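First up is the structure itself, then whatever we jot down about it.
The values are calculated or read from the model by the stated rules, or taken from the named source; none is laboratory data. Predicted model, so just to flag it, every value in this text is computed and none were measured. Cβ coordinates were reconstructed from backbone atoms using ideal geometry, including for glycine residues, and neighbour counts include every protein chain displayed.
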């Protein structure tokens, strides 16, 4: 089942926006990556596959070769093969980077020294009880 855009929305500049702040998802991602200087810390210049594919689509063959050299790929493949290898390298790098993200901190139960069970646990753990 495909979705057709109604004709009256063809030229509507707000049709593609999914947020109420007027920025598309990609624009928001670009702003966040600029804020965190991702271009300096990531050899691909972005953490988002959509932004990377957009950059690849406008990149010259020489630019792709330079990027391939920077990320450790053979820069002498033909352009379509080099593009595919860069995308696979980006995906592999993203997968590795996901493992380095620490899980969110869970809210742990606060131990109450006036509660006998908590007090016993605090003593067992060697915690100072005031």
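Within the stretch 70-83, the set of residues being surrounded by 12 or more Cβ atoms within 10 Å (Cβ to Cβ) and either in contact with a strand residue (DSSP E or B) (Cβ under 7 Å, 6 or more places away or on another chain) or without any contact (Cβ under 8 Å) to a residue 24 or more places away in the chain (or both) comprises 73, 75, 77, 79, 82. Checked against the criterion of being in a loop (DSSP other than H, G, I, E, B), modelled with pLDDT under 80 and under 16 Å from the mean Cα position of the chain (by Cα), the stretch 75-94 has no qualifying residue.
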